[in-house]
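Some notes on the structure that comes next.
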Amino acid sequence: MQQSENIYLQMAETILILGACGQIGTELTQSLRLIHGNENVIASDIRYGEDSFVKEGPFEIIDATDRDTILAVIKKYEITQVYLMAAMLSATAEKYPQKAWELNMNSLLIILELAREKHIQTIYWPSSIAVFGPASPKINTPQDTIMNPTTVYGMSKLAGEHWCNYYHEKFGVDVRSLRYPGIISWKTKPGGGTTDYAVDIYFKAIEDGKYECFLGKDTQLPMMYMKDAIDATIQIMEANPSDIKVRTSYNLAAISFTPEQITSEIKKHISEFEITYAPDFRQDIANSWPQIIDDSKARTDWNWSHEFDLESMTKEMLKNIQSSMMSM
Ligand code: AKB
């Protein structure tokens, strides 16, 4: 590619990220800024995040259910793409079902409407493995199968997927979506999810040498290292629209493991690490989800492939947590 074309591509999009201070939003913002330039990626959240992050580029305070403020910011920066990362995750949503439904659904409907009204061109909206339920096949869960989620979060994500498909079919809205597994990262911790144990465990292994897990030792769930999740997100957004054949949401997978398996991997680096198990209400949520996801559609349609397995992810997590603690 000629350098001038490359510059044109980098300048072409002006992006708004709603929920930019969250676990995925933070790293997504940083990656998109490397591609599009800091000034073309507007971070926003309902409150300020880390000072260093907020000062890296444009930042706006936005409640993702406040249409007027969202539209004002879209007009102010001439936004072309919105990444709607604000959501209430599975465990918190079980505690606040009405609030979870309102946040997860209203924010999506606002953005879909703004796209229908041509205020923006492209939307990214994350779905989750939570769209599946106890009756879905647990192993190699297909793209299309019985769903019937039993959590509020899963219900909101499944309904959201169908709204995305509806707006695409009826109004030609270019909305793209991935069903994220549990995402493992060290820069920003997740909050309120059932898969959060797989992040906490690394921090506790380093800080205390022990961890009490809120899921049982054999609970296998689909997971993914953050770099792979960010790569997949950017890849689906950069794909040719005609390659996006699924307009609900794509199954996305990398690794699957149990608390016992991640513990063995951590013990290779921290031999004295100890885990105990005290399953709580999140066990029921985990039991309702798949164990291994079949993401062959994403691999075929837009060439998705993951990089990190449990071994390489564990090395990266421990190395990065240790060095970030040393620099504090
Ligand atoms: C959660 O645990 O709620 C999320 C998810 C799998 O969507 N990490």
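Quick one: would you say M155 is in contact with a Gly (Cβ under 8 Å, 6 or more places away or on another chain) and within 16 Å of the ligand (Cβ to nearest atom)?
Working: in contact with a Gly (Cβ under 8 Å, 6 or more places away or on another chain): no; within 16 Å of the ligand (Cβ to nearest atom): yes.
So M155 fails the test.
Could you tell me how many of the residues in the range 257-295 are free of Cβ contacts under 8 Å to residues at least 60 places away in the same chain and among the hydroxyl-bearing types (S, T, Y)?
3
Kindly check whether there is at least one residue in the range 164-177 that is under 16 Å from M85 (Cβ atoms), in a strand (DSSP E or B) and away from the ligand (no atom under 12 Å from the Cβ).
Yes, the range 164-177 has at least one match.
Say whether the condition of being within 13 Å of the ligand (Cβ to nearest atom), in contact with a strand residue (DSSP E or B) (Cβ under 9 Å, 6 or more places away or on another chain) and at pLDDT 95 or above is met by at least one residue in the range 95-115.
Looking through the range 95-115, none of the residues is within 13 Å of the ligand (Cβ to nearest atom), in contact with a strand residue (DSSP E or B) (Cβ under 9 Å, 6 or more places away or on another chain) and at pLDDT 95 or above.
What pairs can you find where one residue is in the range 179-208 and on the phi > 0 side of the Ramachandran plot, the other is within 10 Å of the ligand (Cβ to nearest atom) and assigned to a loop (DSSP other than H, G, I, E, B), and their Cβ atoms are less than 9 Å apart, with a gap of 6+ or different chains?
G192/M88; G192/L89
Six or more apart or on different chains, Cβ under 6 Å: which pairs go from a residue in the range 156-171 that's under 13 Å from N106 (Cα atoms) to one that's surrounded by fewer than 22 Cβ atoms within 10 Å (Cβ to Cβ)? Could you list them?
From the range 156-171, the pairs are S156/W101; S156/M105.
For T258, only one of the following conditions fails: (1) crowded, with 16+ Cβ neighbours inside 10 Å; (2) farther than 30 Å from Y167 by Cβ; (3) out of contact with any Gly (no Cβ under 9 Å at 6 or more places or on another chain); (4) hydroxyl-bearing (S, T, Y). What is its number?
Against the list (1) crowded, with 16+ Cβ neighbours inside 10 Å; (2) farther than 30 Å from Y167 by Cβ; (3) out of contact with any Gly (no Cβ under 9 Å at 6 or more places or on another chain); (4) hydroxyl-bearing (S, T, Y), T258 comes up short only on (3).
Kindly provide the set of residues from the range 194-243 that are in a loop (DSSP other than H, G, I, E, B), crowded, with 18+ Cβ neighbours inside 10 Å and not charged (D, E, K, R), ordered by number.
If the condition is that a residue be in a loop (DSSP other than H, G, I, E, B), crowded, with 18+ Cβ neighbours inside 10 Å and not charged (D, E, K, R), then T194, T195, F214, L215, T219, Q220 are the ones that fit.
Just name the residue that is surrounded by the fewest Cβ atoms within 10 Å (Cβ to Cβ) out of those in the range 304-328 that are closer than 12 Å to E265 by Cβ and among the hydroxyl-bearing types (S, T, Y).
Here the residue is S312.
Since F53 meets every condition but one in (1) of a type outside the set (V, I, T); (2) modelled with pLDDT under 95; (3) surrounded by fewer than 18 Cβ atoms within 10 Å (Cβ to Cβ), which condition does it not meet?
(3)
Look through the range 67-85, keep the residues that are in contact (Cβ under 8 Å) with a residue 40 or more places away in the chain and surrounded by fewer than 16 Cβ atoms within 10 Å (Cβ to Cβ), and return whichever of them is nearest to E13 (Cα to Cα).
Only one residue fits best here, namely E78.
Please work out which residue is nearest to the ligand (Cβ to nearest atom), limiting yourself to the range 178-194 and to residues that are in contact with a Gly (Cβ under 9 Å, 6 or more places away or on another chain) and farther than 24 Å from I139 by Cα.
Residue satisfying both the conditions and the ranking: P190.
Under 8 Å between Cβ atoms, which residue pairs at least 6 apart in sequence (or on different chains) link something in the range 44-59 that is of a type in the set (K, R) with a partner that is surrounded by 15 or more Cβ atoms within 10 Å (Cβ to Cβ)?
R47/C21
Which residues, taken from the range 17-52, are in a helix (DSSP H, G or I) and farther than 25 Å from I236 by Cα?
D51, S52
So which of K99, K118 ends up being on the phi > 0 side of the Ramachandran plot and free of Cβ contacts under 8 Å to residues at least 60 places away in the same chain?
K118
I'd like to check something: does the range 307-322 contain any residue that is over 30 Å from K95 (Cβ atoms), over 23 Å from the mean Cα position of the chain (by Cα) and without any contact (Cβ under 8 Å) to a residue 24 or more places away in the chain?
no
Can you say whether S305 is hydroxyl-bearing (S, T, Y), away from the ligand (no atom under 16 Å from the Cβ), under 30 Å from I146 (Cα atoms) and modelled with pLDDT of 95 or more, as far as the supplied structure shows?
yes
Just the residues that are assigned to a helix (DSSP H, G or I) and within 16 Å of the ligand (Cβ to nearest atom), please, taken from the range 277-302.
R282, Q283, D284, I285, A286, N287
The values are calculated or read from the model by the stated rules, or taken from the named source; none is laboratory data. All of these numbers come straight from a predicted model, not from anything done at the bench. Reconstructed Cβ throughout: ideal geometry from the backbone, glycine too, with neighbour counts over all protein chains shown.
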